[in-house]
Amino acid sequence: MFQPRITARPRPLIDDQVAIGSFRVKVLTVLPEMFPGPLEASLIGKALKEHIWSLEVLDIRDFARNKHRTVDDTPAGGGPGLVMKPDVAAAAIDHAQADAAGETVLWPVIYLSPRGRSLTQARVRELAAGDGVTLLCGRFEGVDQRVLEGRGVEEVSIGDFVLTGGEIPAMALIDAVVRLRPGVLGNAASTEDESFSRGLLEHPHYTRPQAWEGREIPEVLLSGHHARIAEWRLSQAERLTKERRPDLWRAHTSGEGAADGDRELSDAQTSAAKGGQTKD
Ligand code: 4HQ
């Protein structure tokens, strides 16, 4: 039977630079100088200083076995570029996944790759509900397939375009996850009401001045009539989604009416990715 541990002395809130309850991010990269980079700025940077999350950047080159610190080799079967060696990548992953006691910890290892499943807000929420994540950033042509299989690595894409490396995608994922951790955003309601929580794109926003370059703020927004404002925003969100993202719109409408009022964008994406019906 599980018993809560009772200690004679209160344990320190900060242990080895990692606050208790802190979300732990480990990044494996050959370009450690890219971190924290933009993650030091704004609310995510403030949360880093406040130990709401921690960042451990590991230089993959430190896990190379020869004096030249070689991490890559020519692709089997020929072709351009270089492939990250499986032994080096595995050593880096194994180091990251072992905690101070040498026990393997169970948080996900993600390889950022255009070949992966699209990152969704649903996956972001799942990751934010966990204790941490290890992110493998590739350069070159990619990583030897055997290490992805052998270490149970999840491949995730941030979009259908090709970057020079996985570092910027890793930063995007970190930003998306960390902002959902308690204490990061000032206003707690701001994540509940945001666009993707209903599987719709966001309605347009306005602020003063009331008239700018001959363009007015829509009258309803100045009416003070909250029900009419909510109705207008919903209709705008629906119009934009129909126009710009027919895939999301189909998923949104196909699930509506069921006991499913608060579908997420991610559900829509999942349905779209599975080739959800093409009927409008
Ligand atoms: N790359 N979503 C190629 C990406 C990418 C993406 C990362 C470039 C992996 C080997 N990653 N390296 N798009 O374009 O995640």
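The values are calculated or read from the model by the stated rules, or taken from the named source; none is laboratory data. Computed from a prediction, not measured in an experiment: that's the story for all the values here. For neighbour counting, all protein chains shown are included, and Cβ atoms are generated from backbone atoms with ideal geometry for every residue, glycine included. These accessible areas exclude ligands, DNA and RNA; they are computed on the full protein's heavy atoms, side chains included. Shrake-Rupley method; radii C 1.70, N 1.55, O 1.52, S 1.80 Å.
Listed values, structure above:
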quantity	calculated
Test: Ile110 is part of a helix (DSSP H, G or I) and not aromatic (Phe, Trp, Tyr)	no
Residue match in segment 57-76 (condition: more than 21 Å from Ile44 (Cα to Cα), open to solvent by 40 Å² or more (accessible area, probe 1.4 Å) and within 16 Å of the ligand (Cβ to nearest atom))	yes
Residue check for Val124: open to solvent by less than 20 Å² (accessible area, probe 1.4 Å) and either in contact with a Phe, Trp or Tyr (Cβ under 9 Å, 6 or more places away or on another chain) or without any contact (Cβ under 8 Å) to a residue 40 or more places away in the chain (or both)	no
Residues located in segment 151-160, provided they are within 12 Å of the ligand (Cβ to nearest atom) and either more than 20 Å from Val57 (Cα to Cα) or not acidic (Asp, Glu) (or both)	Val156, Ser157, Ile158, Gly159, Asp160
Segment 165-182 residues that are charged (D, E, K, R), paired with ones that are modelled with pLDDT under 95 and within 16 Å of the ligand (Cβ to nearest atom) (beta carbon under 9 Å, 6 or more apart)	Glu167/Arg139
Identity of the residue in segment 161-177, of a type in the set (Val, Ile, Thr) and not in a loop (DSSP other than H, G, I, E, B), that ends up farthest from the ligand (Cβ to nearest atom)	Val177
Selected residue (only one of Leu148, Leu135 is within 16 Å of the ligand (Cβ to nearest atom), free of Cβ contacts under 8 Å to residues at least 40 places away in the same chain, on the phi < 0 side of the Ramachandran plot and surrounded by 18 or more Cβ atoms within 10 Å (Cβ to Cβ))	Leu148
Qualifying residue in segment 163-184 (condition: β-branched (Val, Ile, Thr), open to solvent by 90 Å² or more (accessible area, probe 1.4 Å) and under 27 Å from Ala91 (Cβ atoms))	yes
In segment 121-157, the residues that are more than 17 Å from the chain's Cα centre (by Cα) and of a type in the set (Val, Ile, Thr)	Val143, Val147
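Residues are listed down the side, and each one gets a yes or a no for (1) open to solvent by 60 Å² or more (accessible area, probe 1.4 Å); (2) acidic (Asp, Glu); (3) assigned to a helix (DSSP H, G or I); (4) out of contact with any helix residue (DSSP H, G or I) (no Cβ under 9 Å at 6 or more places or on another chain):
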{"site": "Leu221", "(1), (2), (3), (4)": "no, no, yes, no"}
{"site": "Gly224", "(1), (2), (3), (4)": "no, no, no, yes"}
{"site": "Arg228", "(1), (2), (3), (4)": "yes, no, yes, no"}
{"site": "Trp232", "(1), (2), (3), (4)": "no, no, yes, no"}
{"site": "Arg239", "(1), (2), (3), (4)": "yes, no, yes, yes"}
{"site": "Asp247", "(1), (2), (3), (4)": "no, yes, yes, no"}
{"site": "Ala251", "(1), (2), (3), (4)": "no, no, yes, no"}
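Residues are listed down the side, and each one gets a yes or a no for (1) touching a residue at least 60 places away in the same chain (Cβ under 8 Å); (2) part of a strand (DSSP E or B); (3) of a type in the set (D, E, K, R):
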site: Arg24; (1), (2), (3): yes, yes, yes
site: Val27; (1), (2), (3): yes, yes, no
site: Ile44; (1), (2), (3): yes, no, no
site: Ser54; (1), (2), (3): no, yes, no
site: Val57; (1), (2), (3): no, yes, no
site: Asp62; (1), (2), (3): no, no, yes
site: Arg65; (1), (2), (3): no, no, yes
site: His68; (1), (2), (3): no, no, no
